[in-house]
Amino acid sequence: MLIGLVGCTAIMIGFAYHDTTQELHGLFTDNLRRMAVVIRGQAFPQSQLVNGAPELSHEELEESYVIQIWNSKGALIRSSTQEINLPLQHNEGLGTQKIGDSIWQIYTLKVPNAGFIQIAQPKEIVATMVGESAFRTLTPFIVLLLMLSAGAWYVVGRSLSPLSTLSQTIARWEATQMRPLPIFDAPQEVQPVVTALNSLLAKLGKAMNLQRQFTADAAHELRTPLTAIKVQLDLLKRAQSDRERDEALNRLSEGIDRSIHLASQLLSASRSMAVKTMPDFQPVKLNEIIRSCMATFVALASGKNIEIAFEAAQECRIKGDEESLRVLVNNLMDNAVRYTPANGKIDVRLFREDQKAILEVSDNGPGIPEVEKNRIFQRFYRVPGTASTGSGLGLSIVKNIAESHGAGLQLSNGIQNKGATFRVAFNLPNSDNAISGAADA
Ligand code: ADP
């Protein structure tokens with residue numbers, strides 16, 4: 001467009017320059033001729049009689065100058081025409097006079113000790129000549145403007161048409177449609193945007209599938225405890241003795257507890273899926289999070305006579321989401337307390353290793369069979385034959401939270417090669433200014 005613009009403007013300026021110079025040359029020549037004819041009439045009044053001498057037409061006479069010579073007493077000595085009576089202007093210079101219907105522009109020249117010379121011309125003639133000349137000068141630019149507008153309309157319209165096709169395609173899509181946009185149809189400049197959009201669409205599609213799957217699984221899992229509640233309720237209605245009624249009530253209460261636990265695990269799971277992303281993380285003190293979670297489990301563990309210990313050799317500050325980290329620690333400790341039999345042992349350790357903050361929760365419970373080690377992190381998966389009540393969501397929540405924090409999650413054997421150890425390795429920030437060496441047990 002720039003090349004077209006510069007080219008067209010150069011051509012038009014060339015035309016305009018040529019036209020204006022021609023016009024002005026013509027104007028000057030014509031004025032000279034008219035002046036000569038008028039003055040000839042003054043200087044040689046008899047010359048009109050000579051054959052072949054150039055004459056002014058009637059129209060030309062009307063358009064031409066009127067020249068007058070006045071003496072110093074204010075009497076008109078000579079005039080180029082008898083038809084127009086211009087009064088004498090005693091002030092030297094340019095002035096205007098209305099004579100008949102037209103306004104005249106008069107220039108008066110004072111000749112000392114001799115008189116005055118006046119040259120006049122109708123003002124509208126001057127205006128017409130100036131207007132015509134200006135119009136002819138402007139014509140090429142008007143043509144240029146029209147040509148450029150048409151060119152711009154065509155070029156811009158043509159290059160943007162794939163973009164409008166693209167936006168029409170997107171506008172027609174349903175909210176659930178996650179097909180990638182056709183990249184080859186898009187103009188080159190827009191291709192990076194289309195690529196970015198496609199990758200966003202792919203992520204959105206994946207997230208939507210996960211949500212759909214999660215809702216379906218959740219509904220399926222909730223059905224089991226709710227059906228159990230319904231069964232216990234029927235048994236309660238049909239109970240014949242107090243003993244049967246108490247038994248049914250106890251089971252009902254357990255069923256409700258299970259449903260409450262499942263609902264709260266579902267909530268945590270859904271939150272862990274939508275956990276904040278790294279840029280929103282704040283510095284948090286892992287030691288304090290773990291210590292505050294311990295309080296709940298110490299009481300639970302003492303009920304089963306389980307010895308529970310927390311050892312933090314160094315203070316570890318990481319960047320993370322405090323609420324999610326609390327959920328992670330709670331789930332690991334809850335599992336350890338639930339699956340470790342009475343009189344067992346649980347060790348919670350926090351330490352630094354290779355620019356990482358390591359959290360280990362170990363127990364000497366039944367441990368996890370080798371074949372189940374990968375499956376236990378799947379949603380709703382429980383090792384077959386697991387006695388303790390649960391939803392199968394805890395470890396999948398832990399995995400989600402660890403992933404969103406960029407932390408590694410490993411499972412190995414527990415205390416004295418018995419039981420299980422869950423190890424989460426968080427990245428320590430580079431500018432970590434944590435105070436090391438503070439023992440906390
Ligand atoms: P839930 O505990 O609700 O069943 P989880 O996702 O927390 O669900 O755990 C999945 C399975 O992994 C459990 O069913 C259990 O069999 C096994 N598991 C988890 N933690 C331990 C542990 N500390 N010791 C033994 N088994 C465990």
Run down the lysines and flag those whose C-alpha is under 28 Å from the C-alpha of Lys418, throwing out any fewer than 8 positions away in its chain. Lys304, Lys345, Lys356, Lys373, Lys399
Estimated 222 nm signal from helices in the chain, with DSSP H stretches of n ≥ 4 weighted -39500 (n - 2.57), rounded to 500: -18500 deg cm²/dmol
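Using the Cα gyration tensor of the range 238-340, with a ≥ b ≥ c the square roots of its eigenvalues, what is the shape: rounded (a/c below 1.5), prolate (a/b larger than b/c) or oblate (neither)? Intermediate values should be presented prior to the final figure.
Details: a/c = 4.86, a/b = 1.80, b/c = 2.69.
In terms of gyration-tensor shape, oblate.
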Nearest 5 percent is fine: what portion of the DSSP beta bridges confined to the chain is antiparallel? 90 percent
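Any read-out appearing in this document is the output of simple, stated calculations on the displayed coordinates, not a laboratory observation. All of these numbers come straight from a predicted model, not from anything done at the bench.
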